[in-house]
Amino acid sequence: MMGLWRKIPEGWRSLLGLWAAILALFAIGGMFSPGFFSVSQGGAIFRSASFIGMVAMGQTLAILIGGIDLSVGPLVSLGSVFGCLMLAGKDENNLWAISVILLIGLTAGILNGIGVSLLGISPMVMTLATGAIITGAVLIYSQGAPTGNASPALRAVGVGFTWSIPNSVLIWLALGTTLSLVLKYTTFGRGVYYIGANETAAGFSGLRVNFIKTAVYALSGLTAALTGIIIAGYTSVAFVAAGRDYPMQSIAAAVIGGVAMTGGRGGYGGAAAGAVLLCLIESLLTNMNMQEPGRKIMNGLVIVMLMTFYYRKRLGSGSKKKAAG
């Protein structure tokens, strides 16, 4: 049995381990609360995971090239606030309002990419500054108290189901599958890994490094803004702090899923499983009647433990490979 397990590629072993942990937590939840196994509870967990997972798509790309995107949280808030204000509860506003919000997210991402790739600004500094500007713009535009609400069509996307699956989860699955295929089978995807592994060598090999890095941040801004729009459909009303926790959660999901913070290693499948695991832990703590301050503390501790475990595991496997070499 162990011999068969060792024949499985390391990346797949990590992914199977994550899903085994998810199933174990579901079993633990069922012991504390019989309703934890219900379809509605599972749908709620995966819907929450879809929001983190969509933000983690761009974050995964940013980390794979050796960067980071801290502007995703403000962009989620922008999508939520601007969505409700611009839509004003009317379906006839859908096309132009959603297009404007996505364009803003794309533009913010492009500016991040230009700052990082062409101006040489640290990704952390650049995206943090962009996030601060976006937060200020949201506060000015909404005057600190956003009004309006989502349109009926957007609410159907946010809270509706198709084949008993939340619509947001279906959108996440479609986008996540596309991203995984792009990373595995396209020149752009291979370029992302090459840049993360060795940016100088990638440049000498003829890759358009600056273009790929800018495209990565553009996609991150776009997916964050899209997530904010879908969250607006789920909540029906806007919250200025809607995206507050998403930078940390998206980074944690990616790293727990096996994406190396040094870049060049990992994939989106693990990040998606990481998003589910984070939401499952949050739901489990809620079912145990733990208050929000306690949940925040426990979530932080769990994230640190999981990230430490995966880093130690990667360092160990790296040492074994060097020894074998």
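The values are calculated or read from the model by the stated rules, or taken from the named source; none is laboratory data. Since the model is a prediction, treat every value here as computed from it, not as a measurement. Because the Cβ atoms are built from the backbone with ideal geometry, glycine has one as well, and the counts that use them run over all protein chains shown.
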Qualifying residue in region 183-197 (condition: assigned to a loop (DSSP other than H, G, I, E, B) and either under 17 Å from the mean Cα position of the chain (by Cα) or farther than 21 Å from Phe51 by Cβ (or both)): yes
Identify the single condition in (1) part of a helix (DSSP H, G or I); (2) over 15 Å from Gly228 (Cα atoms) that Ala145 does not satisfy, given that it satisfies every other one. (1)
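Name the one entry in Ala232, Ala252 that is crowded, with 24+ Cβ neighbours inside 10 Å, within 11 Å of the chain's Cα centre (by Cα) and among the small types (Gly, Ala, Ser).
Details: Ala232 fails: within 11 Å of the chain's Cα centre (by Cα).
Within the list Ala232, Ala252, the selection yields Ala252.
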Among the residues that make up region 24-46, is at least one of them at pLDDT 95 or above and over 24 Å from Gly266 (Cα atoms)? no
Please work out which one of (1) under 21 Å from Leu219 (Cα atoms); (2) at pLDDT below 90 is the condition Ile98 fails and give its number. (2)
Looking at (1) over 16 Å from the mean Cα position of the chain (by Cα); (2) in a loop (DSSP other than H, G, I, E, B), which is the only condition Met261 fails? (1)
State whether one or more residues within region 215-225 are without any contact (Cβ under 8 Å) to a residue 60 or more places away in the chain and either among the hydrophobic types (A, V, I, L, M, F, W, C) or farther than 30 Å from Ile45 by Cβ (or both). no
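Got a number for residues in region 184-209 being touching a residue at least 24 places away in the same chain (Cβ under 8 Å) and more than 19 Å from Val116 (Cα to Cα)? Quick ask: steps written out before the conclusion?
Looking only at region 184-209, we keep the residues that are touching a residue at least 24 places away in the same chain (Cβ under 8 Å), and these are 184, 188, 192-199, 209.
Retained after the next criterion (residues that are more than 19 Å from Val116 (Cα to Cα)): 184.
Selection size over region 184-209: 1.
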Taking region 123-155 and keeping only residues that are within 18 Å of Leu70 (Cβ to Cβ), of a type in the set (Gly, Ala, Ser) and surrounded by 13 or more Cβ atoms within 10 Å (Cβ to Cβ), one is left with Ala129, Gly131, Ala132, Ala137
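Give the residue that is surrounded by the most Cβ atoms within 10 Å (Cβ to Cβ), with candidates limited to residues of region 198-212 that are of a type in the set (Gly, Ala, Ser) and in a helix (DSSP H, G or I).
Going through region 198-212, the residues of a type in the set (Gly, Ala, Ser) turn out to be 201-203, 205-206.
Still in the list and also in a helix (DSSP H, G or I): 201-203.
Working: Ala201: 11, Ala202: 22, Gly203: 14.
Among those residues, the one meeting the criterion is Ala202.
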Within region 156-182, take every residue that is surrounded by 14 or more Cβ atoms within 10 Å (Cβ to Cβ) and polar (S, T, N, Q) and give me the one that is farthest from the chain's Cα centre (by Cα). Asn167
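Is it fair to say Gly113 is closer than 28 Å to Val157 by Cβ and under 19 Å from the mean Cα position of the chain (by Cα)? Spell out how you get there, then give the answer.
Values: closer than 28 Å to Val157 by Cβ: no; under 19 Å from the mean Cα position of the chain (by Cα): yes.
For Gly113, the condition - closer than 28 Å to Val157 by Cβ and under 19 Å from the mean Cα position of the chain (by Cα) - is not met.
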Which residue pairs have Cβ atoms under 8 Å apart, sit 6 or more places apart or on different chains, and have a first residue in region 124-149 that is on the phi > 0 side of the Ramachandran plot and a second that is part of a helix (DSSP H, G or I)? Gly148/Cys84; Gly148/Leu85; Gly148/Met86; Gly148/Leu87
Select, from Thr227, Thr223, Thr178, the only residue that is closer than 25 Å to Ser48 by Cβ, touching a Phe, Trp or Tyr at 6+ places or on another chain (Cβ under 7 Å), assigned to a helix (DSSP H, G or I) and among the polar types (S, T, N, Q). Thr227
